[in-house]
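Novice: I'd like to ask some things about the structure below.
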Amino acid sequence: MLDSIDKAQTRIACLDDEAQVLLLLENALSDYQVRPFSSYEAFMDDLVGSSPQCILLDVDISRTDISGYDVCRQLRQNTATQYTPIIFVSGKDELDSRLEGYSAGADDFVCKPFDIDELQAKVSRAVVHQAYNSGLESAVDNARQTAFEAMTHSAEQGEITRFIEQAGSCSHAQPLLELLVSTLKNFGLNSVVADWSKRSSATFASHQPETRPLEAELLQNCRYGRRIIEMERRMVVNFDQVSVLIKNTPWQEPERYGRVKDHLCVLLSAMNERLVALQKEKKLHQQTLLLQVVGELRDSLNSLQQQQEGRWQEAGQTVDDLELELKEEVTLLNLDADQERHLQALVRGHVEKLSLCYRNACDVQEELQPVLSGLEQVVNASG
């Protein structure tokens, strides 16, 4: 640890009202960056910006209203110096003086006239201890930050999972757009989402009550650009069926910014697939309805054909009855054989013509079969 400390960059603040003592301290600690003060006020003012790694204090300073012990207590109450090593350098070597110094918050005690080796050893130990504590505190902060980022990442993954689960139950595009806007809001992102799945016109959704025309125009212009278009605070992410405009990207936070881009690609990929699935579901539903209509039409035609067949049989029976009655009536007319045959042939000829017309009119299935076949082909092709 000592080898890793740059003494020339290590600041030692010294407060003593004797100029000779300050000079001795500077010479003894020449490897360090020593800042000597004979004035309490100057010493306290300098602490605001210097942040020393070690402080040397005299017990008796040139003020009647404050002692070195009081200064030590003040330093311990200051957040900037509450953990900074403090060493008393004093001419008082009594046990009571030492105990009062430790009670005030000092870390060590050097008696005047001091031994240079002892002073250097105690300062070195204090600096090493300070560096160790700073490193430990930094490690704790890093661990805390890592844990926070892990929890944040876990929460963000949970939001993505929730979106994918809820997106699967959306049966229309508009609720899906609103779900994406809501999910992005949970990420702290203000967004405008565009749905391109309807070829006739685009549909927009925003975290605001209405989508601004300029935002809609920006999405239209960026639609066929790169997958991700970055504009510092703004970002556009494009997929075939959907695009999103993020208006407040954390572009000044590199780690979070990178996560946001990854999350956006995952969310929009899932959104894109769901919009494609909704199109297929809609087309399948339409195809099912068309097939149902074609089936009902075929059933109706079969029923009509059966009715027509029945009527054709009734008409044939009526013709047979007519011919029988005609024969009986002809005998009563006292016609000769030629007249009788002529009359029967005349009637039979007209009856056959009527029968043919009726037969052609009855055969509706044969006429409409090409139409039904064509409809079935259209329905199957649309799938």
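The values are calculated or read from the model by the stated rules, or taken from the named source; none is laboratory data. Here the structure is a predicted model, which means the values were calculated and not measured. Neighbour counts are summed over all protein chains in view; Cβ atoms, including those assigned to glycine, are modelled from backbone coordinates with ideal geometry. Side chains included, ligands, DNA and RNA excluded: accessible areas come from the protein's heavy atoms. Shrake-Rupley method; radii C 1.70, N 1.55, O 1.52, S 1.80 Å.
Novice: Give Arg233, Arg227, Arg259 a once-over and let me know the one that is exposed (fewer than 15 other Cβ atoms within 10 Å of the Cβ) and over 17 Å from Asp195 (Cα atoms).
Specialist: The conditions single out Arg233.
Novice: Separate question: Scan segment 194-219 for residues that are in a strand (DSSP E or B) and among the aliphatic types (A, V, I, L, M) and jot them down.
Specialist: The answer is Ala194, Ala205.
Novice: What do you reckon, is Glu309 modelled with pLDDT of 70 or more and assigned to a helix (DSSP H, G or I)?
Specialist: Spelling it out, Glu309 is indeed modelled with pLDDT of 70 or more and assigned to a helix (DSSP H, G or I).
Novice: Looking at this structure, is Val294 surrounded by fewer than 16 Cβ atoms within 10 Å (Cβ to Cβ), touching a residue at least 12 places away in the same chain (Cβ under 8 Å) and among the β-branched types (Val, Ile, Thr)?
Specialist: Spelling it out, it is not the case that Val294 is surrounded by fewer than 16 Cβ atoms within 10 Å (Cβ to Cβ), touching a residue at least 12 places away in the same chain (Cβ under 8 Å) and among the β-branched types (Val, Ile, Thr).
Novice: Checking Ser62 against (1) over 22 Å from Asp6 (Cα atoms); (2) of a type in the set (Ser, Thr, Tyr); (3) open to solvent by less than 60 Å² (accessible area, probe 1.4 Å); (4) part of a loop (DSSP other than H, G, I, E, B), which test does it fail?
Specialist: Among (1) over 22 Å from Asp6 (Cα atoms); (2) of a type in the set (Ser, Thr, Tyr); (3) open to solvent by less than 60 Å² (accessible area, probe 1.4 Å); (4) part of a loop (DSSP other than H, G, I, E, B), Ser62 violates only (3).
Novice: So, Ala28, is that one within 18 Å of Asp117 (Cβ to Cβ), surrounded by 12 or more Cβ atoms within 10 Å (Cβ to Cβ) and not hydroxyl-bearing (Ser, Thr, Tyr) or not?
Specialist: Answer is yes for this residue.
Novice: Here is a follow-up. Checking Gly101 against (1) assigned to a helix (DSSP H, G or I); (2) more than 17 Å from Arg125 (Cβ to Cβ); (3) free of Cβ contacts under 8 Å to residues at least 60 places away in the same chain, which single condition isn't satisfied?
Specialist: Unmet for Gly101, out of (1) assigned to a helix (DSSP H, G or I); (2) more than 17 Å from Arg125 (Cβ to Cβ); (3) free of Cβ contacts under 8 Å to residues at least 60 places away in the same chain: (2).
Novice: Condition first: exposed (fewer than 14 other Cβ atoms within 10 Å of the Cβ), polar (S, T, N, Q) and more than 20 Å from Ser169 (Cα to Cα). Now tell me which residues in segment 275-290 satisfy that.
Specialist: Answer for segment 275-290, where residues must be exposed (fewer than 14 other Cβ atoms within 10 Å of the Cβ), polar (S, T, N, Q) and more than 20 Å from Ser169 (Cα to Cα): just Thr288.
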